[in-house]
Amino acid sequence: MFKYLMAKNEDIPSGASAVFFGFSAIIWFVIGTGLGSFNAAKLAFPDFVTGEIYFSFGHMRQVHVMAVIFGWISMAFAMAMMYITPALGNNKLWSEKLGIWNCMLWNIGLLVGLTVLWAGITSGREYSDFPWPVDLYLASFVFIPLGVNVWMTILNRRTQGIYTTNWFFAAATFMVIIVFLVGNSPEFFHLTGLTEAYLTWWFAHNVLGLWITPVAAAIAYYTIPKVTGNPLYSHRIGHLHFWSVVVFYSTPAAHHLMSAPLPEWLKSFASVEGVLILVPAIAFVSNIMLTMKGKWHMFVENIEVRFTITGCLMAIPLNMQGGFQQTRAINWYIHGTGWIVAHAHLALLGFSTFLEAAAVYLGLQTMMNRKLYSLKLANMHFWLLLVGFTTYWVSMTIAGLIQGAGKIYEVPYIDVVIAEHPYMIARWLGGTLVFTGNTMWLYNMWMTARKGTVIPAGRMPHELQYER
Amino acid sequence: MAGFREYKIGARIFGLALSGSMTITLFFPSINIASTASTDVALAKQLTVGHETGFNLDDPFLKGKNKPIVVNLKNDPKTGQPLAQQQTVFVYPAGAPFPAGILHPRILGTGVEELSVQQGHIEDARKEAGAVFALNKAVYQGKEVSYIEDLSTTKGWTPDDVLRVAKDEDVSHAGAGKTMFVREGCWWCHTLLPEETQDWQVFGAPPMQGDFNGESPTAFGSDRKAPDLLHVGSRNSSREWMMMHFFNPRLVQPHSIMPRFDYLWGEKDANGNKIDYPKWRQEYIEYREGKRVTPPEVPSYAKNSEIRSLIDFMLSLK
């Protein structure tokens, strides 16, 4: 890849930046889940690697979160954009060279940012932990170049109209820049007090609502019709999804601070808007499920469809939780407990990761013109992810309910810690399964690049038989 | 270029929808929050922790540098004579950045701002010279209001004067301690936010809307895996207990899952002797396995160690 950094744009083969992004994403996924497993071990066994500043839980927790969000998830998005956007515009990526540079600067920035965080140099704000110079770097060299490339590709399309996936890509790449710059403004301008606290969660909410969720869904709008060969069930439901994301998902930031002394009108407003997130959620899931009509056998046979549909199915409990857990009626019980941690993993490791994994499987095979090396390994990857995640989610949900009960009955806190211990071990086991699955995936994709059967021109990867 | 030719209306509605959303979720809340006057808690807190306890250019490595020092003043710094009444003062040595409320008195809120500027003379404080602040009370439009007074201007007390008469046990480095709290990620497990609905009895009163003016980061925490700490200093004020708990939490609470923060002791103990960590850990393992009757002694921390400021911060959380 590095040889293309100085090449002329015309000399860079199409898909080079997608492949670069794809492998970067998988490597960050391995690192991020490895750190997650390590952190979980420390919660289960507190004397596991102890008394060392750089292996202390408080130094490593945020590195896990930022590695999976800005390494794995966001880079998988970039990978999907690099190959889906031109495919849907019937043209080439506006600039492969910009894509390659974007990927390299992204990797460097993230590496520096995570190292700095690991050392304890943090803004002290959850999800916007990076110190402001790193934030400025990420805005300038990560999100703005990505947005420029996606927008220029869409604006120069050779089709009449824009397909659903590309509406979302265009809107999300624009919104994430705004969210990043506005959400970090407390650091740029030293805003303090409740304004700082609220903007911290405004950022956290919107980076999920206007970046991760819509882009993940947009990927499914491409993957399912493309691989099954069915047209999208309804363009209009797609419209409903898009507009309700913009209107309903951008407004409930305050529901993350339901028990903080924010203005009451703001919390009530956010809570109502939070229930309305069910509108885009139901529109999306039903649209994808109905697109599958007549092709459900592919849910079993095809690895990309299986990942995507599993992710979409997980969006159902995700949004049922998400819609209602933030209302005052329920939030008082589960706020700040492991329930929320389980919910966050259902969103990022369940719903969104499964959709992105499908996109990376499909994109890497398509862009490298190589059939997947091993279906067996891919199946192992799928089941390790699913079983590992489910173990994690179930154990953390139970732990959260125990914490909630401990909270309202005012049990001495140490008894809650004791009661949670078995679930902390289960959480660590689940996380370790996910990490193991990801290392297999990295090997599988590496072997696909090296030894996968060459796909003849004009064919899609899923049209060829699996060989192993 | 195909542009957005088919989407002229859609593109406009998108802009309208997004700016509408930002107006409701950013503009309205910000004017609402900005209109809240500081409580006494907010005034004391921002003077205690100073300008910023996350990443900032005055303390880029989060070592607790350039932070204010809280002094429980017993003697007059000018004359050295005992004061009639002890007084808490917030000492900003030369070069330590002032908190947001001193730099932008407007954020203190109605009444507090006017009194702090007119009677407290906070606008006369100079960072290069350092300053000594204290809280005072006065009547504003018929109501008693707390405000910040710059004692360097009103009484001519300099940071050096105050620190000269203060004994070490009357000094708190809580500001540097909050930096440790942020850097070490204490807030990933310990919240600083008793919840409005049910935490009153165990963790104490939830904070008020005006309790945060000038504080950054607020570090509420979102994932409570351990007790809330907003009022921990009221529940437990034992330095001895805190010391053992930070060195190895399982000395005082066998079921604790908190990490050990023994590394915050640094190289040397209070007497300047090198701390032998491997020996301590070995003896602790022997104790845990039943080969020793008592655990090894926790070394006393040095006056300028990081753990000292962290414990000072814990005890300041009343």
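Identify all residues within the range B:278-318 that are closer than 24 Å to residue B:62 by Cα and small (Gly, Ala, Ser); write none if there are none.
Residues satisfying the conditions are B:300, B:302, B:305, B:309, B:316.
Taking the stated definitions as given, is residue B:52 at negative phi, of a type in the set (Asp, Glu) and out of contact with any helix residue (DSSP H, G or I) (no Cβ under 9 Å at 6 or more places or on another chain)?
no
Regarding residue A:187, is this residue touching a helix residue (DSSP H, G or I) at 6+ places or on another chain (Cβ under 9 Å), open to solvent by 20 Å² or more (accessible area, probe 1.4 Å) and of a type in the set (Asp, Glu)? Walk me through how you get there before you give the answer.
Numbers: touching a helix residue (DSSP H, G or I) at 6+ places or on another chain (Cβ under 9 Å): yes; open to solvent by 20 Å² or more (accessible area, probe 1.4 Å): yes; of a type in the set (Asp, Glu): yes.
So residue A:187 fits the description; yes.
For the range A:115-129, enumerate the residues that are open to solvent by 10 Å² or more (accessible area, probe 1.4 Å) and either in contact (Cβ under 8 Å) with a residue 24 or more places away in the chain or in a helix (DSSP H, G or I) (or both).
Matches in the range A:115-129: A:115, A:116, A:118, A:119, A:126, A:127.
Being within 14 Å of another protein chain (Cβ to nearest Cβ), modelled with pLDDT of 95 or more and either surrounded by fewer than 21 Cβ atoms within 10 Å (Cβ to Cβ) or more than 30 Å from residue A:47 (Cβ to Cβ) (or both) is the requirement here; does residue A:398 meet it?
Spelling it out, it is not the case that residue A:398 is within 14 Å of another protein chain (Cβ to nearest Cβ), modelled with pLDDT of 95 or more and either surrounded by fewer than 21 Cβ atoms within 10 Å (Cβ to Cβ) or more than 30 Å from residue A:47 (Cβ to Cβ) (or both).
Given (1) crowded, with 23+ Cβ neighbours inside 10 Å; (2) facing another protein chain (nearest Cβ under 9 Å), where does residue A:241 come up short, assuming only one miss?
With respect to (1) crowded, with 23+ Cβ neighbours inside 10 Å; (2) facing another protein chain (nearest Cβ under 9 Å), residue A:241 is out only on (2).
Taking helices (runs of 4 or more DSSP H) that fall entirely within the range B:157-203, which contain at least 1 residues that are facing chain A (nearest Cβ under 8 Å)?
B:174-183, B:200-203
Given the conditions (1) within 14 Å of another protein chain (Cβ to nearest Cβ); (2) closer than 28 Å to residue B:54 by Cβ, which single one is not true for residue A:212?
Condition not satisfied by residue A:212: (1).
Yes/no per residue for (1) of a type in the set (Ser, Thr, Tyr); (2) more than 28 Å from residue A:386 (Cα to Cα); (3) assigned to a helix (DSSP H, G or I); (4) in contact with a Phe, Trp or Tyr (Cβ under 6 Å, 6 or more places away or on another chain):
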| position | (1), (2), (3), (4) |
| --- | --- |
| A:217 | no, no, yes, yes |
| A:230 | no, no, no, no |
| A:240 | no, yes, yes, no |
| A:246 | no, yes, yes, no |
| A:274 | no, no, yes, no |
| A:295 | no, no, no, no |
| A:323 | no, no, yes, no |
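Conditions (1) surrounded by 24 or more Cβ atoms within 10 Å (Cβ to Cβ); (2) in contact with a Leu (Cβ under 9 Å, 6 or more places away or on another chain); (3) among the hydrophobic types (A, V, I, L, M, F, W, C), marked per residue:
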site: A:11; (1), (2), (3): no, no, no
site: A:54; (1), (2), (3): no, no, no
site: A:59; (1), (2), (3): no, yes, no
site: A:64; (1), (2), (3): no, yes, no
site: A:79; (1), (2), (3): yes, yes, yes
site: A:99; (1), (2), (3): yes, yes, no
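With respect to residue A:200, determine if the residue is modelled with pLDDT of 95 or more, out of contact with any strand residue (DSSP E or B) (no Cβ under 9 Å at 6 or more places or on another chain), over 30 Å from residue A:236 (Cβ atoms) and within 7 Å of another protein chain (Cβ to nearest Cβ).
Details: modelled with pLDDT of 95 or more: yes; out of contact with any strand residue (DSSP E or B) (no Cβ under 9 Å at 6 or more places or on another chain): yes; over 30 Å from residue A:236 (Cβ atoms): yes; within 7 Å of another protein chain (Cβ to nearest Cβ): no.
Criteria not met by residue A:200.
Looking only at the range A:130-170, count every residue that is part of a loop (DSSP other than H, G, I, E, B) and more than 9 Å from chain B (Cβ to nearest Cβ) and tell me the total. First the steps, then the outcome.
Kept after step one, since they are part of a loop (DSSP other than H, G, I, E, B), are these residues of the range A:130-170: A:130-131, A:156-163.
Applying the additional criterion that residues be more than 9 Å from chain B (Cβ to nearest Cβ) yields A:163.
Qualifying residue count, the range A:130-170: 1.
Of the residues B:143, B:127, only one is within 21 Å of residue B:71 (Cβ to Cβ) and either surrounded by 23 or more Cβ atoms within 10 Å (Cβ to Cβ) or out of contact with any strand residue (DSSP E or B) (no Cβ under 7 Å at 6 or more places or on another chain) (or both); which?
Going through B:143, B:127 in turn, just one is within 21 Å of residue B:71 (Cβ to Cβ) and either surrounded by 23 or more Cβ atoms within 10 Å (Cβ to Cβ) or out of contact with any strand residue (DSSP E or B) (no Cβ under 7 Å at 6 or more places or on another chain) (or both): B:127.
Are there any pairs, at least 6 apart or on different chains, whose C-beta atoms fall under 7 Å, with the first in the range A:258-287 and under 13 Å from residue B:28 (Cβ atoms) and at pLDDT 95 or above and the second aromatic (Phe, Trp, Tyr) and crowded, with 18+ Cβ neighbours inside 10 Å, and if so, which?
A:262/A:198
Among A:439, A:448, which is the only one that is in a helix (DSSP H, G or I), of a type in the set (Val, Ile, Thr), open to solvent by less than 20 Å² (accessible area, probe 1.4 Å) and touching a residue at least 60 places away in the same chain (Cβ under 8 Å)? Please lay out each step first, then the result.
On the way: A:439 fails: open to solvent by less than 20 Å² (accessible area, probe 1.4 Å).
Within the list A:439, A:448, the selection yields A:448.
The values are calculated or read from the model by the stated rules, or taken from the named source; none is laboratory data. Small disclaimer: the values here were computed from a predicted structure and weren't measured. Glycine also receives a Cβ, built like all others from the backbone with ideal geometry; neighbour counts cover every protein chain displayed. What goes into the accessible areas is simple: the full protein's heavy atoms, side chains included, and nothing from ligands, DNA or RNA. Shrake-Rupley method; radii C 1.70, N 1.55, O 1.52, S 1.80 Å.
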